[in-house]
1. Under a 1.4 Å probe, what is the accessible area of the stretch 30-110 per residue, stated in Å²?
2. Could you state how much accessible area LEU32 has, in square angstrom rounded to the nearest 10, with a 1.4 Å probe and all protein chains kept in place?
3. Can you send over the carbon and sulfur percentage of the accessible area for the stretch 40-90, probe radius 1.4 Å, protein chains only?
4. Which lysines have a Cα lying under 27 Å from the Cα of LYS94, excluding residues fewer than 8 positions away in the same chain?
5. According to a simple spin-label model (label point 7 Å from Cα along Cα-to-Cβ), what is the distance in nm between LYS74 and SER52?
6. Just to verify a number: FRET efficiency for LYS94 and ASP67, C-beta to C-beta distance, R0 = 41 Å, to 0.05?
Amino acid sequence: MLSMTMAFADGENANSTNEMETYKISVNTSKLSQALGLSMDQAEAVADIEKSFSAEMKNVGMANKEDRPEMLQKALNTNLSYMHKVLNEKQYHKYLMLLNLTLTNRGLNK
């Protein structure tokens, strides 16, 4: 009985870790800068925005399951608002496509 309980607890911890990893977003800003054709000033601003977004997403992953959808939406809205101010329209649309693909691949785009 004790071994079954321990196995179940290990499974719960693994699920929790996997869920947290889903929200862990680490952006290679150098590659993103190349893909979007950013100027040096834009690249610096985008690096700061992505660093903040990554921290927010980590918080989403650590939050209660019930709070995650609202927190995720808030993090995305903040990120997109900042990016829209830094990027031109063509860059912004390409960024939207890349972000959407990332979210879809992680199962976060529902």
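The values are calculated or read from the model by the stated rules, or taken from the named source; none is laboratory data. Source: prediction; values computed, not measured. Cβ coordinates were reconstructed from backbone atoms using ideal geometry, including for glycine residues, and neighbour counts include every protein chain displayed. In case anyone asks, the SASA skips ligands and DNA or RNA and just uses the protein heavy atoms, side chains included. Shrake-Rupley method; radii C 1.70, N 1.55, O 1.52, S 1.80 Å.
1. That works out to 66 Å² for each residue.
2. About 20 Å², rounded to the nearest 10.
3. The nonpolar share, carbon plus sulfur, comes to 52 percent.
4. Within the straight-line limit of under 27 Å, LYS94 reaches these lysines: LYS24, LYS31, LYS51, LYS58, LYS74, LYS85, LYS110.
5. 1.5 nm
6. Rounded to the nearest 0.05, the efficiency is 0.85.
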